[in-house]
There are 2 protein chains.
Amino acid sequence: MDLGNHPTVESHSDGTVLTSAPQDTPVDRATAAARRVLEALLLTDRANANLERVAEELNGIAEHLEQHAPEVRERMVDMWSGEGVTRHDPVTGPENAIAPPLVLAGMADGSVRGEVTLTIPYQGPPGCVHGGVSALLLDHTLGVANAWAGKDGMTAQLNVRYHRPTPLFRPLTVQGRQESVDGRKIHTIGSITADGEVCVSVEGLFIDKKVPRPR
Amino acid sequence: MDLGNHPTVESHSDGTVLTSAPQDTPVDRATAAARRVLEALLLTDRANANLERVAEELNGIAEHLEQHAPEVRERMVDMWSGEGVTRHDPVTGPENAIAPPLVLAGMADGSVRGEVTLTIPYQGPPGCVHGGVSALLLDHTLGVANAWAGKDGMTAQLNVRYHRPTPLFRPLTVQGRQESVDGRKIHTIGSITADGEVCVSVEGLFIDKKVPRPR
């Protein structure tokens, strides 16, 4: 992440929202609706006789959106322009229907945290969050914690421990905090808790380097 | 996973498909179309004047699907019925628009593998797969490798190493293999390679226990 004018614990106050919260714009509303569709597709009656027509309508919408899309290269430059907070990632991106989306805020104590309730699309074991989804949320949260601390990089290693099943349908607290910086090595930890109990904890090693933004 | 009649390396031949490949059914076609919509929403022109109407249409479709959905508890019993291969998970599930979906096959040498090309919804660093998405794919693949080996369980620990950026838009090979079983502890490894080079490797520790299926 290009930290340019990105908020850090040094420059910003307790509770600063670090991700791009959903806005009342057409693209955010359409993405929220797509999120609702993908969940409803998992829940609806498999024998629903209208699923054929739903498929046709969704393909029609996709075709329209594709016809109004610039070249991918060009779109990627646009995606990555701006102040360092992106809107498209699969964890916090309000424009990405895969993202719950998780909203993370920076705390005065140096940590970042957010609350999220996950539902059926994120299921692993029956009624529980998929272990890989927890790893996805935590990897991203550690990256945001690094940016809040003022020094970030790319994930080199992620050690995830699963202490107990993480429940669906219940509020989860996702947290991260940079522990130390040793030259180019950055150590960051995090956790997912439900009802005050740690379900998943993580230790990450990050290296201070970047993939350049497309221009 | 209830291994009941689940295929294993002992009982099945090289190349047995272990996940539920997309079928030519209305629900799979509708989910594939939803996947196309969520990608197109990330790519389309942000100034597209019709996004407002797209949001309305998608909400209309979601409402219809929700009106034809049974109670979540009831639907979950149905989701988890059958022979042990589910269709709804966020990695291989053809009925889950979050899933690419990855299709995994069991090999006679005991490994499982699949090929997948990931696009913009799975982006982390510019042009690269999100590190957490790689962890998600690998966690799931190790679970499938355990089932193929004939003894599976829940993830207790996942150690993921990132060797080089994992590219979007290029075929990736995702592999897993059970290394050893020591009482209730199961050790499993895996990797994601692109153009023959390892991008991500993983070591997983699984514990032989299950969350019961809903009834």
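The values are calculated or read from the model by the stated rules, or taken from the named source; none is laboratory data. All values derive from a computational prediction rather than experimental measurement. Using ideal geometry, Cβ is built from the backbone for each residue, glycine included, and neighbour counts are taken over all protein chains shown.
Look through segment B:25-55, keep the residues that are within 15 Å of A:GLU56 (Cβ to Cβ) and among the hydroxyl-bearing types (Ser, Thr, Tyr), and return whichever of them is modelled with the lowest pLDDT.
B:THR25
Tell me, please, whether a residue that is surrounded by fewer than 24 Cβ atoms within 10 Å (Cβ to Cβ), farther than 19 Å from B:ILE207 by Cα and away from chain A (no Cβ under 14 Å) can be found in segment B:150-171.
Scanning segment B:150-171, I find at least one residue that is surrounded by fewer than 24 Cβ atoms within 10 Å (Cβ to Cβ), farther than 19 Å from B:ILE207 by Cα and away from chain A (no Cβ under 14 Å), so the answer is yes.
Going by the structure shown, is A:LEU43 touching a helix residue (DSSP H, G or I) at 6+ places or on another chain (Cβ under 8 Å), surrounded by 14 or more Cβ atoms within 10 Å (Cβ to Cβ), in contact (Cβ under 8 Å) with a residue 24 or more places away in the chain and at the interface with chain B (Cβ under 7 Å from one of its Cβ atoms)?
Spelling it out, A:LEU43 is indeed touching a helix residue (DSSP H, G or I) at 6+ places or on another chain (Cβ under 8 Å), surrounded by 14 or more Cβ atoms within 10 Å (Cβ to Cβ), in contact (Cβ under 8 Å) with a residue 24 or more places away in the chain and at the interface with chain B (Cβ under 7 Å from one of its Cβ atoms).
Suppose the filter is touching a helix residue (DSSP H, G or I) at 6+ places or on another chain (Cβ under 6 Å), facing chain A (nearest Cβ under 7 Å), surrounded by fewer than 24 Cβ atoms within 10 Å (Cβ to Cβ) and not aromatic (Phe, Trp, Tyr); does B:ALA97 pass it?
no
Regarding segment A:107-115, can at least one residue be identified that is charged (D, E, K, R) and in contact with a Pro (Cβ under 7 Å, 6 or more places away or on another chain)?
Checked segment A:107-115: at least one residue is charged (D, E, K, R) and in contact with a Pro (Cβ under 7 Å, 6 or more places away or on another chain).
Identify, from the list A:ASP78, A:ASP24, the residue that is surrounded by fewer than 15 Cβ atoms within 10 Å (Cβ to Cβ), under 28 Å from A:ALA145 (Cα atoms) and more than 8 Å from every other protein chain (Cβ to nearest Cβ).
Result: A:ASP24 is the single residue among A:ASP78, A:ASP24 that is surrounded by fewer than 15 Cβ atoms within 10 Å (Cβ to Cβ), under 28 Å from A:ALA145 (Cα atoms) and more than 8 Å from every other protein chain (Cβ to nearest Cβ).
For B:ALA147, all conditions in the list (1) in contact with a helix residue (DSSP H, G or I) (Cβ under 8 Å, 6 or more places away or on another chain); (2) touching a residue at least 12 places away in the same chain (Cβ under 8 Å) hold save one; what is the number of the exception?
It is condition (1) that B:ALA147 fails.
Are any of the residues in segment B:108-126 touching a residue at least 60 places away in the same chain (Cβ under 8 Å), of a type in the set (S, T, N, Q), closer than 24 Å to B:ASP14 by Cβ and surrounded by 24 or more Cβ atoms within 10 Å (Cβ to Cβ)?
Within segment B:108-126, none of the residues are touching a residue at least 60 places away in the same chain (Cβ under 8 Å), of a type in the set (S, T, N, Q), closer than 24 Å to B:ASP14 by Cβ and surrounded by 24 or more Cβ atoms within 10 Å (Cβ to Cβ).
Every residue, every condition in (1) among the aromatic types (Phe, Trp, Tyr); (2) more than 10 Å from chain A (Cβ to nearest Cβ); (3) within 14 Å of B:ARG113 (Cβ to Cβ), yes or no:
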position	(1), (2), (3)
B:ARG177	no, yes, yes
B:SER180	no, yes, no
B:LYS185	no, yes, no
B:SER191	no, yes, yes
B:GLU203	no, no, no
B:PRO214	no, no, no
